[in-house]
Amino acid sequence: MSWTEFDCVVVGDELAAVWLLRQYVELAKKEKGAGEVRVGWIRLRPQLRPQAVPHFLREKLGLEAKAPFSAEIRTPKHDYPWLPDRITERYGFAPPAWGPLTNSEQSQLRYCFQRFPEVFDVGAALWARFGKSSTLSSEKLVESAFRLSQLTYIPLEELAPPQTTIFNCPPGETPLKKITRLKTGEISFEFAPGGADDKPIMSRHWILSSGFLEHQQWKSAGFDVAEYLGVSVTPPSHAFLEFSLEVDNAALSPRQAPITLWSDADQIPDPLREIWPMELERQGGDAKTSKLIAQAPVCFPFDVDTALKQMRESVKRITRLIPWLPECLRSVEFPLGIESCHSAETRAEIESRLWQNLHERYALSSLEVRTRHKGIYVLPASYHSELPYPLGPLRGAKEILIERFGRGEYQKVNVAALSPIH
């Protein structure tokens, strides 16, 4: 049988897992000396957009410095450009540094919460976009608001080490069907025909950064990965459904924020039902159009008709932000309604694409990266989901690297890169 052999392979599209590959290469090079380090990345989504994350992570993850940007929160009556200088001017102090808060910073946050109740509204809006937990205390929402005043985009390809071999293997089409531990100690993952070069992939270490939806698709195809590994896969309680709109540049203000969060409520919004994120993706060069990336909140599980209804509601919110949108709208990624004349095949295709565009939210955090099989780890988005994403999964990536290489070696190579992530 033909094999594709690696030292470490990531299955899934978590930012923390791709960063783990970067660190794994550096540590393994030091361990091997001049030996080659081979790593692989099996992508489960056909399209991966750059991820918006806290700006401080650019330096911490060893990436080139870029200017930060800030989000804008809009409500029917208020507009909150969440800029650091405006925060300092209104609230009297700069956003706290990442890491544990000092007693003084905790006192300042409590004072802000009591004196300026709108910081809770801002925190709820930002958490809807940057949180993975469906529940969070009011104090934590306010803390997160100040920590998310400066943002940046990170393309996952920028994080991956240059020698990474990338496979495209959408879970709904080419499911994982078998895991085998070989006598040599390596572990083989075998996918259904059409995925991962149609050959079993052999590696000493595997990182599964797939979510609940991917595991359900694998299970329905005949292989319960979670049961085999002895792990509990946290089901989402809610999700945000992402879809894109192509609009004429003439419809957009030059000062349009890269991320705008519309809140249906002026006070105390529900982060899972009343916040509607929208991102602007400007096309370069002489392009006459740009993309708006909208996210519609949906309860889990959902059906196609409910999802499309929520997408229509999202477009209504965007029209409040851009009143001339109907005249400048070129196309929408999905049809905003399915009539009875549509075939069952059409509905099934749309439903499959909708599932691939879901961003899950969780009522419970995952707290374990190890499995019952040595050399196989799990690193889902739900790991320590009480932290702003992707800080929880990055903490898990750090734990995996320390278990594999030892704390001393990790700190030598990593230069304490993730010191604020306790």
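Coordinate-derived values only; no laboratory data. Computed from a predicted model, the values in this text were never measured in an experiment. We place every Cβ from the backbone using ideal geometry, glycine too, and count neighbours over all the protein chains shown.
Some points to look at:
- Of all the options Thr88, Thr184, Thr152, the one that moves most in a Gaussian network model of the chain with Cα springs shorter than 10 angstrom is Thr184.
- Remark: C-alpha extents of region 119-165 on the principal axes read 44, 21, 13 Å, sorted largest to smallest.
- Packing-based order for 351-358, 326-333, using average beta carbon neighbours within 10 Å, highest first: 351-358, 326-333
- Each peptide in 138-147, 247-256 was scored by the mean count of other Cβ atoms within 10 Å over its residues; highest first, the order is 138-147, 247-256.
- Cα-based reach from Lys316 at 16 Å (exclusive), listing lysines while leaving out same-chain residues under 8 positions away: none
- Calculated FRET efficiency, Ala67 to Thr102, Cβ-Cβ distance, R0 = 30 Å: about 0.60 to the nearest 0.05.
- Shape class for the chain: oblate, because the ratio a/c of the largest to smallest gyration tensor axis (alpha-carbon atoms, square roots of eigenvalues) is 1.5 or more and b/c is at least a/b.
- Along region 144-155 the Karplus relation, 6.51 cos²θ - 1.76 cosθ + 1.60 evaluated at θ = phi - 60°, assigns HN-Hα couplings of 5, 4, 6, 6, 10, 7, 10, 10, 8, 9, 10, x Hz to successive residues, with x for each Gly and Pro.
- Sequence-distant residues sharing a close amide H with Leu364 (under 5 Å, placed H): none
- Fully extending the segment from Arg282 to Gln256, taken as 0.36 nm per residue of separation minus the present Cα-Cα distance, adds 8.3 nm.
- The phi torsions of region 200-210, fed into the Karplus equation with coefficients 6.51, -1.76 and 1.60 and a -60° offset, translate into couplings of x, 10, 10, 8, 6, 9, 10, 10, 8, 9, 7 Hz, rounded to whole numbers, with Gly and Pro shown as x.
- Applying the Karplus relation 6.51 cos²θ - 1.76 cosθ + 1.60 with θ = phi - 60° to region 379-388 yields 3J(HN,Hα) values of 9, x, 5, 7, 5, 6, 6, 6, 8, x Hz, where x marks Gly and Pro.
- Stokes-Einstein diffusion coefficient of region 344-410, Kirkwood radius over Cα pairs, 4 °C, 1.567 mPa s, in µm²/s: 92 µm²/s
- The amide H of Leu379, built 1.01 Å from its N in the peptide plane, has Leu208, Ser209, Ser210 as neighbours under 5 Å, considering only residues 5 or more places off or on other chains.
- Comparing Lys309, Lys398, Lys132 in a Gaussian network model of the chain (Cα springs below 10 Å), the most mobile by mean-square fluctuation is Lys309.
- Cα-based shape type of region 270-422, given that a ≥ b ≥ c are square roots of the gyration tensor eigenvalues and the cut on a/c is 1.5: prolate
- Nearest-0.05 FRET efficiency for Tyr111 and Glu313, computed from C-beta distance (R0 51 Å): 0.90
- Largest GNM mean-square fluctuation across Gly62, Gly406, Gly285, computed for the chain with C-alpha springs under 10 Å, falls on Gly285.
- Helix-derived mean residue ellipticity, 222 nm - over the chain, DSSP H n ≥ 4, -39500 (n - 2.57), to 500: -10000 deg cm²/dmol
- Here the simple spin-label model places points 7 Å from the Cα toward Cβ, and for Lys29 and Lys183 these points are separated by 3.6 nm.
- Whole-angstrom Cα spans of region 119-278 along principal axes, big to small: 61, 39, 28
- Long-range HN-HN contacts of Thr289 with modeled amide H, under 5 Å: Asn249
- The chain, relative contact order in percent, only Cα pairs under 8 angstrom and at least six apart counted: 22 percent
- For region 269-322, size of Cβ-based charge dipole, Lys and Arg +1, Asp and Glu -1, in debye: 240 debye
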